[in-house]
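Every number in this text was worked out from the coordinates using simple rules, so none of it is lab data. Note that the structure is a prediction, hence the values are computed from the model and not measured. Quick reminder, even Gly has a Cβ in these numbers, built from the backbone with ideal geometry, and neighbours come from all protein chains shown.
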Amino acid sequence: MAVGLVALATMAGRGQGHPPVRLLPTPAAADGAMYSLAPDAHGGALLSWLEASPRGLALRFSSLLNDRWSPPRLIVEGHQLFSNWADHPSVAAQPDGTLLAQWPVINDGAQPPGSYNNSMRIARSTDGGATWAELFADGLDNTVSYTGFVSLLPGASGARAVYLSPPRPISSDPADHRMTLSHVATDAAGHHTHAGVVDSDTCSCCPTAVASTSAGPIAAYRDHEPGDIRDIAVVRFVNGAWTTPRPVHRDGWQINGCPTNGPSLGARGSRVALAWFTAAGNAPQVNVAFSTDSGASFQAPIVLDGRTAVGRPATVLLDDGSAVVAWLASIGDGSGRGELRLRRVAPGGPPGPIVVAGAAPPGRSSGMPQMMRLGDGLLVAWRTDRLLTARLPLPPLPSR
């Protein structure tokens with residue numbers, strides 16, 4: 001399978017005048033899934049994933065050094081860990097090397113049995129992942145709903161997280177699918193400093209995103225407005241408080257249900273790039289929009305892909321102000337095959353050529369692709385019949 005992927009990536013890259021993709025074998029088991037990718041504190045990368053263990057499920061992580069993943073280390077394992085194709089656990093590193101991890105847990109007492117009844121945990125390690133101490137938990141009383149879709153934001157003075165949680169009191173109406181965007185913050189010692197609800201009515205199961213700007217944190221998520229309009233919104237933490245939610249762009253996507261397709265963020269200083277999927281008007285497409293004022297306002301969206309776009313984007317903002325976005329797409333030939341695509345674009349567009357990182361099933365088994373800057377190129381993670389990671393150079397901007 002790996003040989004086929006390298007061949008596919010090489011052909012796609014050469015077709016665009018782009019060097020081939022280089023796969024980096026991971027230490028994950030064949031069933032490894034629900035993965036995440038994040039920078040470490042030393043210019044490398046952290047990869048986490050869930051896999052089966054004799055005790056149920058195990059959340060493990062590995063560090064990338066000299067293009068080799070370290071032997072996996074255990075964070076937590078047990079029969080109560082929850083496996084969800086869209087709600088991935090994750091690991092993040094603070095500048096001093098302190099590690100953070102988050103994962104979903106199945107609560108006791110589901111009503112009826114088999115219902116979603118998840119809570120979430122955030123833990124901290126100050127010894128490189130040898131031991132972990134719980135920092136925060138929410139949703140422990142969920143019996144007919146869930147808490148999760150956590151995005152971690154590590155920082156020098158502490159950490160923040162945004163996530164989805166049910167409104168309180170929890171409704172017993174099975175037709176009530178409202179969720180809230182909640183947040184928690186801790187100081188450098190791991191003590192809570194802020195917690196609460198940011199938006200009281202959001203889409204119910206789209207992943208969240210959070211990033212740091214020169215004006216403070218920004219969070220992006222799929223909102224829920226009257227008439228079942230589910231467009232992407234942002235909130236910012238400014239002067240000690242979260243701003244009123246505002247849409248990035250009025251797509252007007254009306255859908256009676258959650259599309260499980262969240263946004264992604266890249267930020268540097270006051271510049272922000274935000275990518276998302278929409279199918280408003282039955283026209284699927286992946287968009288990206290830029291901001292130069294820390295997300296207070298966004299320019300008009302630039303379309304990166306349409307027709308066969310599946311979405312689930314990942315975004316990296318580069319030093320020159322351009323962004324690279326990765327997303328899943330169907331090949332569109334009726335075969336059911338898909339691929340992981342990347343494209344680079346600068347504010348005002350147009351975008352550069354599409355580069356194919358490799359084959360990727362367009363269904364749930366691919367999970368949520370991940371991407372980060374590494375050295376002078378990119379590191380991506382996605383799933384086919386197993387968890388894959390690869391290095392590749394930056395895609396080109398359009399030729400002048």
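Placing a pseudo-label 7 Å from each Cα along the Cα-to-Cβ vector at Arg68 and Asn239 gives an inter-label distance of 5.4 nm.
Largest GNM mean-square fluctuation across Leu23, Leu81, Leu57, computed for the chain with C-alpha springs under 10 Å, falls on Leu57. With each label modelled as a point 7 angstrom along the Cα→C-beta vector, the Ser270-Thr126 pair spans 3.8 nm. Annotation for the range 179-273: trypsin sites (Lys or Arg not before Pro) lying in DSSP loop with at most 10 further Cβ atoms inside 10 Å of their Cβ are Arg250. Using a simple spin-label model with pseudo-atoms 7 Å out from Cα toward Cβ, Glu134 and Ala30 lie 3.5 nm apart. A simple rule links phi to the HN-Hα coupling: the Karplus curve 6.51 cos²θ - 1.76 cosθ + 1.60 with θ = phi - 60°, which for the range 236-248 gives 10, 9, 10, 6, x, 8, 7, 6, 5, x, 9, x, 6 Hz, with x for Gly and Pro. Distance from the C-alpha centroid of the range 24-45 to that of the range 378-400: 14 Å, rounded to the whole angstrom. Under a 5 Å amide H cut-off, with hydrogens placed 1.01 Å from N, Gly358 pairs with Leu340 among residues at least 5 apart or on other chains. For the chain, modelled as a GNM whose springs connect Cα atoms under 10 angstrom apart, the maximal fluctuation among Thr26, Thr260, Thr126 occurs at Thr126. Sort the range 200-316 into rounded, prolate or oblate with this rule: let a ≥ b ≥ c be the square roots of the eigenvalues of the Cα gyration tensor; rounded if a/c is under 1.5, and if a/c is not under 1.5, prolate when a/b is larger than b/c, oblate otherwise. Since a/c reaches 1.5 but b/c is at least a/b, the shape of the range 200-316 is classed as oblate. Extent of the chain along its three principal axes (Cα atoms, max minus min coordinate, largest first): 56, 47, 43 Å.
Hey, what did the range 357-400 get for relative contact order, percent, Cα under 8 Å, at least 6 apart?
Numbers: 52 pairs, mean separation 13.0, N = 44.
Normalised by residue count, the contact order of the range 357-400 is 29 percent.
When shorter helices are ignored and each DSSP H run of at least 4 residues is given -39500 (n - 2.57), the per-residue value for the chain at 222 nm works out to -1000 deg cm²/dmol.
Report the FRET efficiency, 1/(1 + (r/R0)^6), for Val197 and Arg307, where r is their Cβ-Cβ distance and R0 is 45 Å, rounded to 0.05. Walk me through the numbers on the way to the answer.
Values: r = 38 Å, r/R0 = 0.84.
With R0 = 45 Å, the Cβ-Cβ based efficiency is 0.75.
Under the criterion of Cα pairs below 8 Å and six or more residues apart, the relative contact order for the chain equals 13 percent. Near Thr180, the amide H atoms lying under 5 Å from its own belong to Ser165, Thr202; only residues 5 or more places off or on other chains count, and H is placed 1.01 Å from N.
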